[in-house]
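First the structure, in the form of structure tokens, and then the observations on it.
The values are calculated or read from the model by the stated rules, or taken from the named source; none is laboratory data. No experiment lies behind these values; they were computed from the predicted model shown. Quick reminder, even Gly has a Cβ in these numbers, built from the backbone with ideal geometry, and neighbours come from all protein chains shown. Protein only, heavy atoms only, side chains kept; ligands, DNA and RNA dropped before computing areas. Shrake-Rupley method; radii C 1.70, N 1.55, O 1.52, S 1.80 Å.
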Amino acid sequence: MKNKALHISHTDIRYDPRILKEISSLSEIEFIEIFTIGISNSNKYEKNKTNNITKFSIKLLSRKFRFPFKSILYTLNLFEFGLKIILIGIKIKPDVIHCHDTLALMPAVLLKSIVKSKLIYDAHELESQTNMQTFLLSKSTLLIEKMCWKYIDVFISVSDSIINWYIKKFGVKKKELILNTPITRNIISKKGKENDLRKIFKIKKDKIIFIYVGDFCEGRGINLTLDVFSNKEINSDVVFLGDGVLKNKILSYSANYKNIHFHPLVPHHEVVNLIKSSDVGICFIENVSLSDYFCLPNKLFEYLFAGLNILGSNIPEIAKFITTNKVGTVCDLNPNDFKNKIKYYEKNGAKKHNIDLNAFSWQSQSKKIKKLYKELLN
């Protein structure tokens, strides 16, 4: 009889890259059957089974309700979500519950006590200290984590700084670092105009290409990047690859400055192959929250696997990674230092790094999570 692992999240798991990578890795273990419960983006109930993975995408009836206070609706959503997790979970009777966010943590603890399973808490960021979070939500998240901490068997997160913060805040716990790294088997070298940024945007060979990958939102140094690259002193080009609320601003600058370019979002597995034709990856995270301050973002590893120099923020994890592995330059997020770093690359070039990527690959992270499950299930 196979052991059962249940992954739960308040996101639509079908579109969450980190969760999908984890369950794909675990599905390779012969004695484990995988189940997932997430909230459907379309708010339609669906159940799909593929090979060794059964996915429940649930809908929340309470989303149709209308209240003058958002806090009431939010509470109803959480209650309904938690109830459905427990009802589905009791039928599955998982041996391991893998919880991917705080909103699912309390029902995960209740389900653990009912079916006597092991509980993994996989915090994709420092959950109570994220950007744009209200004071009430921050305190509520912190309280939930504090109440549930003793019931957690293993704690997983994305950077050492975040893990250390949790351990210091709540107490010693078995822990594991699982980095947000790409799946290297999907990185296929292709040559062609459609995969060459220099050809797509008609950028001359002697120009340095800087690339920004990710969400076009506040707190990512996008306004700083636009302002600096619109300066006449700069002789390099920058490409913004992604989507988000600042897209129209980027398009406006792109229409007015020949060295600023926009490229639409591409699937995750195509990013590394596309950005190989650039030279320097911009990894600017502003210190707008403790979660941001301690982060080690996915884009950093995409730049790394593309062989790019990384120009990153002077914050703990990013700065440590760049300097320890000698894969780029650390930058203070102000116009003068940014300009100086660009000028340095314009003068000296941006040689591709050639470090051993095995330790940072998803295959390496996959081995760690498989080992963790085997130890939990004895």
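Quick notes on this one:
- Contact map, the range 171-191: residues that are under 13 Å from Glu22 (Cα atoms) paired with residues that are at pLDDT 80 or above and surrounded by fewer than 14 Cβ atoms within 10 Å (Cβ to Cβ), Cβ distance under 6 Å, separation 6+ or inter-chain. No pairs are found.
- The range 258-281: number of residues that are over 24 Å from Ile183 (Cβ atoms) and touching a Pro at 6+ places or on another chain (Cβ under 8 Å): 0
- Tallying residues that are under 17 Å from Leu308 (Cβ atoms) and free of Cβ contacts under 8 Å to residues at least 24 places away in the same chain within the range 325-356 yields 5.
- Looking only at the range 230-252, and only at residues there that are open to solvent by 60 Å² or more (accessible area, probe 1.4 Å) and assigned to a loop (DSSP other than H, G, I, E, B), the one that is nearest to Cys217 (Cα to Cα): Val245
- Contact annotation: residue pairs with Cβ atoms under 8 Å, 6 or more positions apart or on different chains, pairing a residue in the range 73-95 that is touching a residue at least 60 places away in the same chain (Cβ under 8 Å) and part of a helix (DSSP H, G or I) with a partner that is of a type in the set (Gly, Ala, Ser) and crowded, with 17+ Cβ neighbours inside 10 Å, are Phe81/Ala104; Ile85/Ala104; Ile85/Ala108.
- If you go through the range 305-324 and keep only what is buried (at least 20 other Cβ atoms within 10 Å of the Cβ) and touching a residue at least 60 places away in the same chain (Cβ under 8 Å), you end up with Phe305, Leu308, Leu311, Ser313, Glu317.
- Residues of the range 333-378 classified as more than 23 Å from Lys174 (Cβ to Cβ), open to solvent by 30 Å² or more (accessible area, probe 1.4 Å) and aliphatic (A, V, I, L, M), total: 3
- Meets criteria (in a helix (DSSP H, G or I), in contact with a strand residue (DSSP E or B) (Cβ under 7 Å, 6 or more places away or on another chain), of a type in the set (Lys, Arg) and modelled with pLDDT of 95 or more) for Lys341: yes
Matching residues to (1) out of contact with any strand residue (DSSP E or B) (no Cβ under 7 Å at 6 or more places or on another chain); (2) small (Gly, Ala, Ser); (3) over 11 Å from Lys55 (Cα atoms):
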position	(1), (2), (3)
Leu6	no, no, no
Arg14	no, no, no
Lys21	yes, no, yes
Ser27	no, yes, yes
Ile39	no, no, no
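- Residues located in the range 14-61, provided they are within 18 Å of Asp101 (Cβ to Cβ), open to solvent by less than 40 Å² (accessible area, probe 1.4 Å) and touching an Asp or Glu at 6+ places or on another chain (Cβ under 9 Å): Arg18, Ile19, Glu22, Gly38, Ile39, Ser40, Phe56, Ser57, Ile58, Leu60
- When Ser140, Ser128, Ser113 are checked against the criterion of being assigned to a helix (DSSP H, G or I) and either open to solvent by less than 20 Å² (accessible area, probe 1.4 Å) or β-branched (Val, Ile, Thr) (or both), Ser128 stands alone in meeting it.
- Candidate set from the range 161-181 (those that are closer than 27 Å to Ile285 by Cα and out of contact with any helix residue (DSSP H, G or I) (no Cβ under 7 Å at 6 or more places or on another chain)); member that is surrounded by the fewest Cβ atoms within 10 Å (Cβ to Cβ): Lys168
- From the list Lys320, Lys258, Lys299, the one residue that fits, being under 17 Å from Arg220 (Cβ atoms) and among the basic types (Lys, Arg), is Lys299.
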